[in-house]
1. If you take the square roots of the eigenvalues of the alpha-carbon gyration tensor of the stretch 30-121 and sort them as a ≥ b ≥ c, do you get rounded (a/c under 1.5), prolate (a/b over b/c) or oblate?
2. Testing the spin-label approximation: label points 7 Å from Cα along Cα→Cβ at His99 and Ser67. State their distance in nm.
3. So how do Thr50, Thr33 rank on accessible area, 1.4 Å probe, biggest first, that is with the largest at the start?
4. What residues have an amide H closer than 5 Å to that of Val98, excluding those fewer than 5 places away on the same chain, when H is modeled at 1.01 Å from N in the peptide plane?
Amino acid sequence: MTTHVSHAAPLRADCIADSAGGLTFDVSASGATDAAHLVLRHREGHEEVTLPLTPATRGHLRAALPSSVALPEGHWDAYASVTEEESDHRLVPGAMDVHPLADRVPYETRKGNLSVECRLAAAPLGARECDICGSAARARSATMDLHSCTEPVPPSC
C-alpha cells in the first residue's frame, strides 16, 4: 500500500556518524514504497551509492551506510526519493550526531542542503609524538597534547 507523500517541505534527515565510519540517516517521511532510497553522489565524479530507505519509527525512514562500504575522499551530496513516481530530491540536514573521530562527516552546505565529507582517517587533533633528547632517547617518546608533553624534558637535552 502506498500513501501519498507531500513534499511541500523538503525531506529532512537526521544523521549519526560513528567512530567506525558508519553513517545512519533518518529521513522524515512516511508512505514509503519498496522503491524508497537515499543516494549519495560524489560532487567531483560520477560515482554514486544508493541505499534502501526502510521504515524505522513512525514518520521516519532509515538508511544505513556501513563502514564496510568504501567511499572515495571528497564531498558527497545527499538525495532521497520515497516513491516510484518522484525523482530524487536534495535532503536538508536535521539533527547531526558526529563522533569526533569520524572520517565521514555530514554537514550543511551553504545552500542549506545535506552533504557528507569523506576524508582519510587521521590522528585526533592535538595528538602527536614528541621526541625527547633526539635519537639517544627515542624510546622515551611521549604523546603530547596541544599544550605540553606528558613527560618533562630532561635537563641534559
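1. prolate
2. 0.5
3. Descending order: Thr50, Thr33.
4. Correct list: Ala17.
The values are calculated or read from the model by the stated rules, or taken from the named source; none is laboratory data. Because the structure is predicted, anything quoted here is derived from the model rather than measured. Neighbour counts run over all protein chains shown; Cβ positions are idealised from the backbone, glycine included. Just the protein is used for accessible areas: all its heavy atoms, side chains included, with ligands, DNA and RNA removed. Shrake-Rupley method; radii C 1.70, N 1.55, O 1.52, S 1.80 Å.
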